[in-house]
Amino acid sequence: MSTRRKRVEYFYDVAKEMQINQYLKNLKENTLFIYSPTSLKKIKIDNKYIIKENWHNISKDIKKIENYIEKLDGIDKVISFGGGSTIDIGKYISYKLNTEYICIPSMLSTNSYSTNKVALIDNDKKITLQAKMPDKIIIDNDVLKLSKNENLYGLADVLSIYTALYDWKIANEDINEKINENIYNQANTLLYEVLQFINNNSFDNIIENNIELFKFIGIAGYITNLYGTGRPESGSEHIMAKEIEQNIDIPHGMSVSVGILLMSLVQKRFSNSIYNAITKMKIFENCKKYGLTKEIIKKSFLNLVPRKDRYSIINRYYKNVQLKNENIIKFFEIIEGI
């Protein structure tokens, strides 16, 4: 069986298409059901075995989560229903309790449903922690259709492979970080499959094809699991995205897209194919709604420093103020057309 086929088979084994309401109705185990308020409006829950918990009440603060876990008793199963934050909290609680974990994404804005890592908060800083891979992922196409625009944000974590793999090459050249050719080639193949998918379909066809989006976004996350770190899809563009997210609450796919375009300029390999894909998906359409301004982008870029555990193009040029200014000017000239 080919490597590509094995990756797809994983999702066929774990992911199940079904209606959420029917699944929840039939549960007989004591279940902690963590949800996002906006997502809960999309379904009905009528089951005495289910303990509902708004993820905002738990929060992403690791200390609050640990305190919440200490109070739990007799939980047989943990379910997350929502976006990335809801999924991260569910994955972590399930990992700590060593219980079965079911992931029900209400949108495909991140690939968090296919990784064993979570992004939580410790002393006001984002940290990455070990968590649990879902034992089952439930896909309710009718529910996903209610978050069409948000679903496209997840593709940014596939397009980021473009800049991330080049950063990996730079790390190999500068500090002799070994490149896993198998993982590198899997990621690169996936990137061009997604670019071909975007190029060959209209916006309406892309936004309606939730199963294909689920597969692409999920496989990108699963490749990082196979490698053990986010290196195949997370480089300088994600460092830039994290800097933006420290300043404003913004969809991850939007901040990553800024990072991809900007860092590809710094890498001196700006790609029209990547630019056209981001443009076609209208990822920057709601910049004003989320407060993404030129000032925020410029501030984030000029303050950029290397990540200790992820060598990238930033390590080479972060002290070069002239280069930073030249590239931020180029970037703003480019996005004026979006």
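The values are calculated or read from the model by the stated rules, or taken from the named source; none is laboratory data. This one's a predicted model, so the numbers in the text were calculated from it and none came from an experiment. Cβ sites come from the backbone with ideal geometry, for glycine too, and all protein chains shown count toward neighbours. Each accessible area value is taken on the protein alone, full model and side chains, heavy atoms only, with ligands, DNA and RNA left out. Shrake-Rupley method; radii C 1.70, N 1.55, O 1.52, S 1.80 Å.
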Discussion item. Tell me the relative contact order for region 32-131 as a rounded percent, counting alpha carbon contacts under 8 Å between residues six or more apart.
Written reply: 27
Worksheet item: In what sequence, largest accessible area first, do R310, R316 appear using a 1.4 Å probe?
Response: R316, R310
Practice prompt. Please find, in a Gaussian network model of the chain (springs between Cα atoms separated by less than 10 Å), the residue of V194, V118, V321 whose mean-square fluctuation is greatest.
Written response: V321
Discussion item. Can you give me the long-range amide H partners of I121? Hydrogens built in the peptide plane at 1.01 Å from N, cutoff under 5 Å, separation of 5 or more residues or another chain.
Written reply: D61, I62, I127
Worksheet item: Using alpha carbon centroids, what distance separates region 204-264 and region 41-114, in Å?
Response: 22
Worksheet, complete the sentence: For N209, placing the label point 7 angstrom along Cα-to-beta-carbon and taking region 178-194, residues whose amide nitrogen sits under 12 Å are 193-194
Worksheet, complete the sentence: Sites removed, the longest contiguous part of the chain containing no DSSP-loop GluC sites (Glu not before Pro) with at most 16 other Cβ within 10 Å is 30-176
Worksheet item: Helix-derived [θ] at 222 nm for the chain: sum -39500 (n - 2.57) over DSSP H runs of at least 4, divide by residue count, nearest 500?
Response: -16500 deg cm²/dmol
Discussion item. Compute a Gaussian network model of the chain, connecting alpha carbons closer than 10 Å, and tell me which residue from S202, S59, S94 fluctuates the most.
Written reply: S202
Discussion item. If packing is taken as the average count of other Cβ atoms within 10 Å, what order do 135-142, 86-93 fall into, highest mean first?
Written reply: 86-93, 135-142
Fill in: Surface accessible to a 1.4 Å probe, per residue, for the residues of the chain, Å²
46
Worksheet item: Relative contact order for region 271-338: what is it in percent, counting Cα pairs under 8 Å that are at least 6 residues apart?
Response: 27
Discussion item. Past 26 Å, Cα to Cα: identify those pairs from K25/K289; K178/K330; K242/K268; K91/K298; K28/K132; K25/K63, in the order given.
Written reply: K25/K289; K178/K330; K91/K298; K25/K63
Worksheet item: Counting only protein heavy atoms and using a 1.4 Å probe, what share of the accessible area of the chain belongs to carbon plus sulfur, as a whole percent?
Response: 45
Worksheet item: Only one of the listed values, (1) 56, 26, 14; (2) 33, 21, 20; (3) 38, 22, 18, was derived from the coordinates as semi-axes √(5λ) of the Cα gyration tensor in Å; which label is it?
Response: (2)
Discussion item. Under the 0.36 nm per residue contour assumption, what length would be gained going from the current alpha-carbon distance of I62 and N286 to full extension?
Written reply: 77.6 nm
Item to complete: With an 8 Å cut-off on Cα pairs and a minimum separation of 6 or more residues, tell me the relative contact order of the chain in percent.
Response: 15
Practice prompt. Would you mind putting 256-267, 121-132 in packing order, based on average other-beta-carbon counts within 10 Å, highest first?
Written response: 256-267, 121-132
Worksheet, complete the sentence: In the neighbourhood of S160 defined by beta carbon distances under 11 Å, the net charge of the other residues (Lys, Arg +1; Asp, Glu -1) is -4
